[in-house]
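Please read the structure below before turning to the comments.
The values are calculated or read from the model by the stated rules, or taken from the named source; none is laboratory data. In this text, all values refer to a predicted model and were calculated from it rather than measured experimentally. FYI the Cβ positions are ideal-geometry reconstructions off the backbone, even for glycines, and counts take in every protein chain you see. For accessibility, only protein heavy atoms count, side chains too; no ligands or nucleic acids. Shrake-Rupley method; radii C 1.70, N 1.55, O 1.52, S 1.80 Å.
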Amino acid sequence: MRVLHVAAEMFPFVKTGGLADVVAALPAAQRAAGLDARVVLPGYPAILDALRRSRKVHDGGALFGAARVTLRQGVLADSELPVYVIDAPYLYSREGGPYQDAAGREWRDNLQRFALLGWYGSHLAAGDADTRWQPQLLHCHDWHAALACTMLRLHPPRSSRTVFTVHNLAYQGRFDLGDFPLLGLPARCLDGLDGIEFHGQLSFMKAGLVDADVISTVSPTYAREITTAEFGCGLEGVLRSRADDLHGILNGVDPAVWNPATDPHIVSRYDAAHLDDKAPCKAFIQQQMGLSVRSDAPLFAVVSRLSQQKGLDLLLEALPALLAAGGQLVLLGSGDAALEGAFREAARAHPTAVGVQVGYDEAMAHRFIAGADVILLPSRFEPCGLTQLYGLRYGTLPLVRRVGGLADTVDASTGFSFDAADATSLRGAVQHAVAAWRDRPRWLSMQQTAMERDHSWSAAAAAYTELYRSCSLKG
Ligand code: ADP
């Protein structure tokens, strides 16, 4: 089966979160399973720099405000995955992140930038952007890719079906209604229950939800949660109306990147049979972060975006209890300035027990996850969550709030969880984890169970193949 993924980021070239990990790992797992999977990406500088063996496959001319747009096909450095890259310097060639400038402001032309991504997704699917290759299945990821579903519906007869995967419903791609003409879509796409208008704005996310043949999200629990007002971000009604087409498939872990037995970033490699070799990883992190190097203190870690979603304000409230129980905390993350400041302040107040590194650092993320005893995710909502899966693989037991993918991947034999989003409940779970950690045989057995859990991409890839088949059979 020929599958084209449409996405706005891909590890290791451009990454703001778990989406990038998925877009790198899922197509690779699909190719290993015999599918012809490819990806179409915006030509940001990091993507164009990595592009190898490329040829021009399409001349788009002037599109979405850009005077000159072309499509190239090739591979990215150190990868054999075929990619299509949209070369549109006016829209994509700039310093800063994929969605925001260096100061954290949304790019003012994100509507045009991601309309172009959708345009190429739909034109490749329709067979008129690369005459040599046409996908049978278009797999669009998050709002950035959603318009591909809408645009493809406008061009019957269709040979490709569409799957739209929601990685995080909280980011919706909402724009001024007055900018609708810039999209070049017919007026009938705008209004009504199945239009892209949403509460007086344009919503790319809604476009994907109403126009895809099938919708998926990244865990079974989140698939249920987003049909409720608590988690639906206002789109719960739309999602309920498509309940029969809504599926949850858990993400996997890329073993080439996350494996304690081969990880090049960590000071000592280990596996489930040699957990003693994990101890130097802990001592290294304690030393690196200026904490007392103590094997008798349970070390908790956070590796996360610092946003309201992640519940880290609860952790600040529960921190005195964590320290009183003899624990230490290390945090690696960036985002919300108030949270950054509050965690820095906690590190100043407790220099030998709390260590904070503000920023994004791939190598340190590996060292934190290998070195800690417990990885913390007290999230308010969590579509899937990847760091708890990395924790399981590294024998670093997760302590999580029981929501979304966290509820689907952590149980009492592999970690700790709590229900209510409040500091009291988190404190209880921390104390529970410390007690378990002090019971060495119990801890070792939990670590071994955790490390044996199969969260491979091959299982996820097989589930997606099933989903693709079911939607090819539809209407
Ligand atoms: P989200 O996509 O909501 O940020 P996920 O758990 O799905 O959350 O994915 C987060 C990914 O980003 C993981 O691969 C995690 O290791 C990584 N990550 C988050 N913060 C940092 C950081 N400060 N430095 C390095 N990697 C980070």
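For residue 278, all conditions in the list (1) among the charged types (D, E, K, R); (2) over 24 Å from residue 118 (Cβ atoms); (3) open to solvent by 20 Å² or more (accessible area, probe 1.4 Å) hold save one; what is the number of the exception?
Just one mismatch for residue 278, condition (3).
Can you list residue pairs whose Cβ atoms sit under 9 Å apart, with the first residue in the range 339-350 being in the same structural domain as residue 310 (by TED's automatic domain parsing) and under 16 Å from residue 317 (Cβ atoms) and the second being open to solvent by less than 30 Å² (accessible area, probe 1.4 Å) and among the hydroxyl-bearing types (Ser, Thr, Tyr)? Count only pairs 6 or more apart in sequence or on different chains.
These pairs meet every condition: 339/307.
Out of 390, 394, I need the residue that is of a type outside the set (Asp, Glu), in the same structural domain as residue 444 (by TED's automatic domain parsing), open to solvent by 10 Å² or more (accessible area, probe 1.4 Å) and within 13 Å of the ligand (Cβ to nearest atom). Which one?
Going through 390, 394 in turn, just one is of a type outside the set (Asp, Glu), in the same structural domain as residue 444 (by TED's automatic domain parsing), open to solvent by 10 Å² or more (accessible area, probe 1.4 Å) and within 13 Å of the ligand (Cβ to nearest atom): 390.
Can you report the number of residues in the range 288-313 which are within 30 Å of the chain's Cα centre (by Cα) and open to solvent by 40 Å² or more (accessible area, probe 1.4 Å)?
Qualifying residue count, the range 288-313: 4.
Residues 465, 424, 414: which one is within 14 Å of residue 399 (Cβ to Cβ), among the β-branched types (Val, Ile, Thr) and either in a helix (DSSP H, G or I) or open to solvent by less than 40 Å² (accessible area, probe 1.4 Å) (or both)?
None of the others qualify; the one that does is 414.
Among the residues of the range 340-380, write down those that are open to solvent by 40 Å² or more (accessible area, probe 1.4 Å), touching a helix residue (DSSP H, G or I) at 6+ places or on another chain (Cβ under 8 Å) and not β-branched (Val, Ile, Thr).
350, 357, 367, 380
Output yes when any residue across the range 226-239 is open to solvent by less than 30 Å² (accessible area, probe 1.4 Å), within 16 Å of the ligand (Cβ to nearest atom), of a type in the set (A, V, I, L, M) and part of a strand (DSSP E or B), and no when none is.
Looking through the range 226-239, none of the residues is open to solvent by less than 30 Å² (accessible area, probe 1.4 Å), within 16 Å of the ligand (Cβ to nearest atom), of a type in the set (A, V, I, L, M) and part of a strand (DSSP E or B).
What single numbered condition from (1) within 16 Å of the ligand (Cβ to nearest atom); (2) part of a helix (DSSP H, G or I); (3) out of contact with any Phe, Trp or Tyr (no Cβ under 7 Å at 6 or more places or on another chain) fails to hold for residue 382?
So residue 382 meets the others, but not (2).
Quick one: is residue 21 of a type in the set (D, E, K, R) and either in a loop (DSSP other than H, G, I, E, B) or more than 16 Å from the ligand (Cβ to nearest atom) (or both)?
no
Being surrounded by 14 or more Cβ atoms within 10 Å (Cβ to Cβ) and under 19 Å from residue 109 (Cα atoms) is true for just one of 207, 212. Which residue is that?
Only one candidate qualifies: 207.
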